[in-house]
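Here's the structure, in structure tokens; my notes come after.
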């Protein structure tokens, strides 16, 4: 799953960099408004059918047909809501072009409802190699088409066409990789509805949580500034989208399997949080510190407004370690209502604070800072909920988190002292800026790792996230060391033709 995210991000980042030089920020801002709005409507109708099938104790293919029927009905209902709200959305954002764009995206949403539900077997059996192929090929085709159309049309319609094509290609791919052909049958639908109802409620709360920035900030900042705001957030949270999200996607299937076998899962939460924090924190610090160099070298001077936003949004990756692990365990264990309560409270606070700050300041940096503060609140609420259900901060997890905090503080102080971090180099050539940014990010990661491991050794190498990292990555590192030492080819005396 991480390999897929890395592959698709390399494709996406490469296409974004190309498109940033072909198109203007207003094009990105317009499509961002449309996709955020469409995504919000889509989240309202999210009913978690695949999650319900993955976590069932007994595998039953007979449930594929009612799940498929419910999926199609959901797709058409979502498309209808999207089309009905297209004109009000264009008025809300003050952008008449949104009307047609949202209508086209609604058609793509209806088409997506015909996805082959049987691909859920890949997740249930933890066959993520097949899911890798399923996700990657449509994404590759989408990137190629989008860039080609951007070179021809030179406007936002290239982005819209790429989105529509990507959804259609994914639907076709689901039938190419799985032989099962579902039918439109509604029997036994009640067996899925209870879990799906609370998933739907959680989806609505998550929609408000994730999309409120666009509805509150978009009309105030305008397409150009909002385009920089959206792109900055996308770049800043790369550790979340490329590492945490795919890791917990696999984690959900693993927890569902452990649950079917009768194992305890809430006790896994905080050791996993400590492990992810140790891996993600240096990446978040590196992205934040080197943000000016990356923005200048990759996007150019016209995106300068994104630099302070990237440095702020990068901190969201740290709290995401807590929220992603906790919400995954809650849903896999069937505590979907608890998950809804936490996200709903966090979303309500976020809307209130964002509305107040946006109205008073109109400054994207302050708005981004307030958005990050609500992420901390969500992580705290998830921690409390998991603790009450059996999760415990053992000595190993607490020790690992403490070492991560000390390593983070040391790294931040050292980077600030150099004067090379958190700056925008307007006169530096692009390639030089990229190399400098790479140096700053690498220095942050090396310093963090040195301090973390040094503290671990001083503590007597106790069980903790460092131990888990050695157990996870140690065998792989040892294999590659052995190959480098002895060569990859056949050993002397082996038979070969």
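The values are calculated or read from the model by the stated rules, or taken from the named source; none is laboratory data. As the structure is a computational prediction, the values presented were derived from the model and not from experiment. Here the Cβ positions follow ideal geometry from the backbone for every residue, glycine too, while neighbour counts run over all protein chains shown.
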Query raised in the report: Can you tell which of 404, 467, 436 is touching a helix residue (DSSP H, G or I) at 6+ places or on another chain (Cβ under 6 Å), at pLDDT below 95 and outside any loop (DSSP other than H, G, I, E, B)?
Result: 436
Query - Of residues in region 222-234 being at negative phi and surrounded by fewer than 22 Cβ atoms within 10 Å (Cβ to Cβ), the one nearest to the chain's Cα centre (by Cα) - result: 234
Report task. Considering every residue within region 366-386, establish whether at least one is at pLDDT below 90 and surrounded by 21 or more Cβ atoms within 10 Å (Cβ to Cβ). Result -> no
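Can you tell me how many residues within region 418-433 are part of a helix (DSSP H, G or I) and within 14 Å of residue 285 (Cβ to Cβ)?
Taking region 418-433 first, the residues part of a helix (DSSP H, G or I) are 418, 430-433.
Those still in the list that are within 14 Å of residue 285 (Cβ to Cβ) too: 418.
Final tally of qualifying residues: 1.
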Query raised in the report: Looking at residue 127, is it without any contact (Cβ under 8 Å) to a residue 60 or more places away in the chain and either outside the structural domain of residue 35 (by TED's automatic domain parsing) or under 23 Å from residue 242 (Cβ atoms) (or both)?
Result: yes
Report summary line: Of the listed residues (252, 229), the one being in the same structural domain as residue 397 (by TED's automatic domain parsing) and at pLDDT 85 or above is 229
**Report entry** Lone unmet requirement of (1) assigned to a helix (DSSP H, G or I); (2) under 22 Å from the mean Cα position of the chain (by Cα); (3) under 28 Å from residue 30 (Cβ atoms); (4) in contact (Cβ under 8 Å) with a residue 40 or more places away in the chain for residue 115
**Finding:** (1)
**Report entry** The lone exception for residue 460 - which of (1) assigned to a helix (DSSP H, G or I); (2) loosely packed, with under 10 Cβ neighbours inside 10 Å; (3) at pLDDT 75 or above it fails
**Finding:** (1)
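Conditions tested, residue by residue: (1) under 17 Å from residue 101 (Cα atoms); (2) part of a helix (DSSP H, G or I); (3) in contact with a helix residue (DSSP H, G or I) (Cβ under 9 Å, 6 or more places away or on another chain); (4) modelled with pLDDT of 85 or more.
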site: 161; (1), (2), (3), (4): yes, yes, yes, yes
site: 176; (1), (2), (3), (4): no, yes, yes, yes
site: 180; (1), (2), (3), (4): no, no, yes, no
site: 205; (1), (2), (3), (4): no, yes, yes, no
site: 214; (1), (2), (3), (4): yes, yes, yes, no
Query raised in the report: Is there a residue in region 355-364 that is within 20 Å of the chain's Cα centre (by Cα) and more than 16 Å from residue 209 (Cβ to Cβ)?
Result: no
Report summary line: Filtering region 263-288 for residues that are over 19 Å from residue 231 (Cβ atoms) and either in a helix (DSSP H, G or I) or at pLDDT 90 or above (or both) leaves a count of 18
Report summary line: Among 88, 96, the single one that is without any contact (Cβ under 8 Å) to a residue 60 or more places away in the chain and not in a helix (DSSP H, G or I) is 96
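Condition check ((1) modelled with pLDDT of 85 or more; (2) outside the structural domain of residue 154 (by TED's automatic domain parsing); (3) within 23 Å of residue 331 (Cα to Cα)) across all residues:
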position	(1), (2), (3)
19	no, no, no
25	no, no, no
44	no, no, yes
56	no, no, yes
97	yes, no, no
100	yes, no, no
